[in-house]
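One structure is given here, and the rest of the page talks about it.
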Amino acid sequence: MSARVDHGVVSGTFSLDGETFDVDNNVWVVGDDEQCVVIDAPHDVDAIMKIVGGRAVKAIICTHAHDDHVRVAPALRERTGAPILLHPDDRPLWGLTHTDELWDADLTDGQSIKIGGAALTVLHTPGHAPGAVCLYSHDLGCVFTGDTLFEGGPGATGRSFSDEKVIVASIRRRLFDLPDETIVHTGHGADTTIGRERDNV
Ligand SMILES: [Zn+2]
């Protein structure tokens, strides 16, 4: 059985620093016909489960802990029994959304997560958030960047817990190490490639 990537867009809000915005979040599901992992848990469990279909969810991987990426992570855990994985440097952000529940296991740089015959390598890429990670799959020829890299350049760094110099360093050191043809699946909006973004960072 070979792994594939499924995708949906889920709408809701993002709040930080006392402001709230409407946002459309990408949800990425990686796996085969039997089992999968879900990358980010925004807004709506039922919408996410439509992308999952009948498959067993083995993990809920959070690219970072902004509320639009983790809001329904505990509810999705309850529905599926899957553990929530998050980089521990995002604990302060997690605590802004979930005060009485934690994630289950820490993501670590270089960790390999295997699903449906593919491997996802965790790249710690701080800047948009201190615990922001990207997930690279050599097997699938793609990288899931959350809000670290978008079509057109780096993610936003104007709010609390963000740092522009740090995100640029993360992208240049870690993501620009990847082959030009690597497809970039982002947290919001369209796909791009590593090669296309080299002049934008
Ligand atoms: Zn974010």
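The values are calculated or read from the model by the stated rules, or taken from the named source; none is laboratory data. This structure is a prediction, so every number in the text was calculated from the model and none was measured. Using ideal geometry, Cβ is built from the backbone for each residue, glycine included, and neighbour counts are taken over all protein chains shown. These area figures cover heavy atoms from the full protein model, side chains too; ligands, DNA and RNA do not enter into them. Shrake-Rupley method; radii C 1.70, N 1.55, O 1.52, S 1.80 Å.
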#### Entry: Kirkwood-Stokes translational diffusion coefficient of the range 1-73, alpha-carbon pairs, 25 °C, 0.890 mPa s, µm²/s
196
### Summary
Neighbours of Ile115 by Cβ distance under 9 Å: Lys/Arg at +1, Asp/Glu at -1, summed charge +1
#### Entry: Ratio of Rg to Rh over the range 74-136 (Cα coordinates, Kirkwood Rh, two decimals)
0.99
### Task
Pull out a ≥ b ≥ c, the square roots of the eigenvalues of the alpha-carbon gyration tensor of the range 21-60, then state rounded if a/c is under 1.5, prolate if not and a/b is larger than b/c, and oblate in the remaining case.
prolate
### Task
Please calculate how many Å² of accessible area the range 1-79 carries per residue, with a 1.4 Å probe and no DNA, RNA or ligand atoms counted.
41
### Task
Please report, in Å, the Rg and the Dmax of the range 128-201, where both are computed over Cα atoms only.
11.2, 35
### Message
Helix-only estimate, please: 222 nm mean residue ellipticity of the chain, summing -39500 (n - 2.57) across DSSP H runs of length 4 or more and dividing by its residues, to the nearest 500.
### Response
-5000 deg cm²/dmol
### Query
Which three extents, in whole angstrom, do the alpha-carbon atoms of the chain cover along their principal axes, largest first?
41, 41, 28
### Message
What number comes out for accessible area per residue over the range 88-201 if the probe is 1.4 Å? Units Å², please.
### Response
45
### Query
Counting only DSSP beta bridges with both residues in the chain, what percent are antiparallel, rounded to the nearest 5?
70
### Query
Per-residue HN-Hα couplings for the range 181-188, Karplus 6.51 cos²θ - 1.76 cosθ + 1.60 at θ = phi - 60°, whole Hz, x for Gly and Pro?
7, 4, 6, 9, 9, 9, x, 9
### Message
Suppose every Lys and Arg Cβ carries +1 and every Asp and Glu Cβ carries -1, with no other charges. What dipole size does the range 38-143 come out with about its Cα centre, to the nearest 20 debye?
### Response
380
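How large, in percent, is the carbon and sulfur part of the accessible surface of the chain at a probe radius of 1.4 Å?
Working: 3980 of 8580 Å².
Carbon with sulfur: 46 percent of the solvent-accessible area.
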